[in-house]
Amino acid sequence: MIGIVITIYNRPEYLFHCFESLKKADLSNCILVIIDDCSQDKKTIELIEQFSIPSVEVIKHRMAVRVGVRVGIRQGIDMVFHKCDHLMVLDGDTMVRKDFVEKIMILPQNGISTGFHSTVNNSDGSVRHPIIFEIEQFYLKKIIGGVNMAFSKDTYLKYVEPALLLPGNWDTNACHKLGADGKRVYSLKESVIQHLGLNSAMGHSGGNAVEKADESDTFYLHDLKNVTLVGVGSDHDAIKRSIDKCTKYIRWGQVKIFSNIGKGKHQLNQFVFKQLSYHIDTEYFLIVQADSWILNPSAWDDTFFEYDYIGNDGFCFRSTKFARILHQDNNIVLQNDPEANNYSEENNICKIYRKYLEDSYKIKFASKEITDRFVIENWSAKPPANKYNGSFGFHGFGSIDYTDSYITPPTP
């Protein structure tokens with residue numbers, strides 16, 4: 001059994017993504033301990049109260065007064081020490097991959113291990129987490145950060161707990177003491193954990209920050225190698241911004257941008273409707289525009305692959321098979337639907353030709369429930385349907401209500 005201790009103090013915008021990713025992770029041999037270090041933020045408290053994972057033991061403890069990370073970690077470990085063979089520390093401002101526990105436990109267990117690999121240097125140019133030696137799947141490092149650490153109970157008692165009892169950087173001190181005794185610090189090469197808290201409680205990356213916060217450039221949450229990410233529209237720079245946001249935590253089969261297609265909405269829609277699929281080499285593709293991108297990467301669900309069409313013309317997941325039917329069938333012609341009056345692809349596909357596509361080609365359209373999990377649409381959403389509910393992506397600025405959500409609303 002592995003005990004995972006998560007210390008939390010405010011910052012719901014990060015905690016939301018941490019909890020969302022943990023809900024998708026394989027925690028079959030784990031106990032989670034949530035230590036709330038007397039958070040004052042109402043949304044943080046609400047997130048903790050609502051958090052649960054079926055079939056996983058989750059222990060929640062709120063400190064009576066603010067005590068800091070070191071005391072919080074010790075408190076959490078003490079609560080599960082007698083139940084567990086191994087222990088892990090995880091910051092509340094991290095995102096985890098589904099297989100993060102499995103990958104970390106592959107590392108040798110005779111020292112301190114981490115699933116977080118960062119190459120960020122200190123402000124003076126020195127290497128923050130020096131690599132001593134490289135092995136096929138992992139590095140031996142001199143020190144690692146406290147974003148994520150895993151260790152045996154013996155290692156905890158001899159190296160980690162004493163460091164937690166002393167002032168200074170407990171993570172650095174634990175690694176130095178371990179190394180002095182000839183033991184090793186191990187790090188995966190490909191991160192299975194990402195540090196999201198770039199505006200940190202330690203003062204990193206804030207207005208007066210001296211040091212840059214740790215961030216991994218080898219992390220991905222999902223490996224969607226059979227999906228091409230496609231950006232379309234007239235403003236190349238704005239589309240590139242959307243693409244950058246969509247590639248931050250997801251690895252795509254291919255990424256392509258088509259900008260300045262034609263001279264208006266009609267020409268752009270005609271290109272997507274009748275030509276785009278000839279540029280796609282993967283089984284599926286996701287279309288984004290300047291006003292659409294991924295908000296909640298953990299909301300991706302592989303059941304989306306069961307459908308040929310999910311979403312709308314601004315944020316849309318399609319099978320390439322379906323798109324090529326649109327291109328090749330001469331009975332399907334992009335029409336200027338009077339209801340939309342802009343040659344709307346969505347109106348053509350979902351209203352004018354939907355029955356024909358279903359009957360003739362067995363095209364499978366996503367239900368409203370699946371579509372709502374996939375995207376929230378600004379242009380048609382009216383209260384209360386306009387409240388953001390954790391969907392994978394969004395389309396359009398303006399009327400979507402993010403008031404009760406835990407994310408920072410997107411802006412043009």
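Just tell me which lysines come within less than 20 Å, Cα to Cα, of residue 60; anything on the same chain fewer than 8 places away is out.
Within the straight-line cut-off, residue 60 pairs with 23, 24, 42, 43, 83.
Short version: ³J(HN,Hα) in whole Hz for each residue of region 277-285, in order, from phi by Karplus 6.51 cos²θ - 1.76 cosθ + 1.60 (θ = phi - 60°), x for Gly and Pro, what are they?
4, 5, 9, 9, 9, 9, 6, 9, 8
Karplus couplings for region 295-300 from phi (6.51 cos²θ - 1.76 cosθ + 1.60, θ = phi - 60°), rounded to Hz, Gly and Pro as x?
9, 10, x, 5, 6, 4
How much net charge surrounds residue 184 when only the other residues with a Cβ under 12 Å from the Cβ of residue 184 are counted, with Lys and Arg +1 and Asp and Glu -1? Walk me through the numbers on the way to the answer.
Numbers: positive: 141, 142, 183; negative: 181.
Charge balance in the 12 Å sphere: +2.
Considering only 180, 385, 323, give the residue with the highest GNM mean-square fluctuation for the chain, with springs between Cα atoms whenever their separation is below 10 Å.
180
Top mean-square fluctuation among 145, 125, 179, Gaussian network model of the chain, C-alpha springs under 10 Å?
Its mean-square fluctuation being the largest, the pick is 125.
Hey, how many Å between the Cα centroid of region 323-392 and the Cα centroid of region 28-96?
42
Calculated FRET efficiency, residue 67 and residue 244, Cβ-Cβ r, R0 30 Å, to nearest 0.05?
Computed FRET efficiency for residue 67 and residue 244: 0.20.
Please work out how much length the chain gains when fully extended from residue 133 to residue 368, using 0.36 nm per residue of separation minus the C-alpha to C-alpha distance, in nm with one decimal.
Gain on stretching residue 133 to residue 368: 79.4 nm.
Please give the net charge around residue 127, taking every other residue with its beta carbon less than 12 angstrom from that of residue 127, where Lys and Arg add +1 and Asp and Glu add -1.
My count for the surroundings of residue 127 gives +2.
Can you find, among 178, 279, 8, the residue sitting farthest towards the positive end of the charge dipole of the chain, where Lys and Arg contribute +1 and Asp and Glu -1 at Cβ?
178
Amide H neighbours of residue 392 under 5 Å, at least 5 residues apart or on other chains, H built in the peptide plane: list them.
Residues meeting the amide H criterion: 374, 375.
Express in nm, to one decimal, how much length is gained between residue 126 and residue 42 on full extension, taking 0.36 nm for each residue of separation and deducting their alpha carbon distance.
Using 0.36 nm per residue and subtracting the Cα-Cα distance, I get 26.3 nm.
To the nearest 20 debye, what is the magnitude of the charge dipole of the chain about its Cα centre, counting +1 on the Cβ of each Lys and Arg and -1 on the Cβ of each Asp and Glu? Walk me through the intermediate numbers first.
Values: 46 positive and 51 negative charges, 61 e Å.
It comes to approximately 300 debye.
Counting DSSP beta bridges in the chain, what percent are antiparallel, to the nearest 5?
Looking only at bridges with both residues in the chain, the antiparallel portion is about 40 percent.
Kindly put 329, 214, 124, 313 in sequence by how many other C-beta atoms sit within 10 Å of each C-beta, fewest to most.
Numbers: 329 14, 214 23, 124 7, 313 27.
Neighbour counts put them in this order, fewest first: 124, 329, 214, 313.
Restricting to DSSP H runs of at least four residues, report the calculated mean residue ellipticity at 222 nm for the chain, -39500 (n - 2.57) per run over all residues, nearest 500 deg cm²/dmol. Each step should come with its number before you reach the end.
Working: 11 runs with 101 residues, N = 412.
Computed mean residue ellipticity for the chain: -7000 deg cm²/dmol.
Report the relative contact order of region 2-195, percent, no decimals, based on alpha-carbon pairs under 8 angstrom and at least 6 residues apart.
25
Looking only at GluC sites (Glu not before Pro) in DSSP loops with at most 10 other Cβ atoms within 10 Å, what is the longest site-free stretch of the chain?
In the chain, the maximal stretch lacking such sites is 137-338.
With Cα extents along the principal axes in Å in mind, check (i) 75, 44, 43; (ii) 62, 58, 37; (iii) 68, 58, 40 and report the label derived from this structure.
Read-out taken from this structure: (i).
No value in this document is a laboratory result; all are computed from the given coordinates. Owing to the predicted nature of the structure, the values given are computational and were not obtained by experimental measurement. Note that each Cβ is placed from the backbone with ideal geometry, even for glycine, and that neighbours are counted across all protein chains shown.
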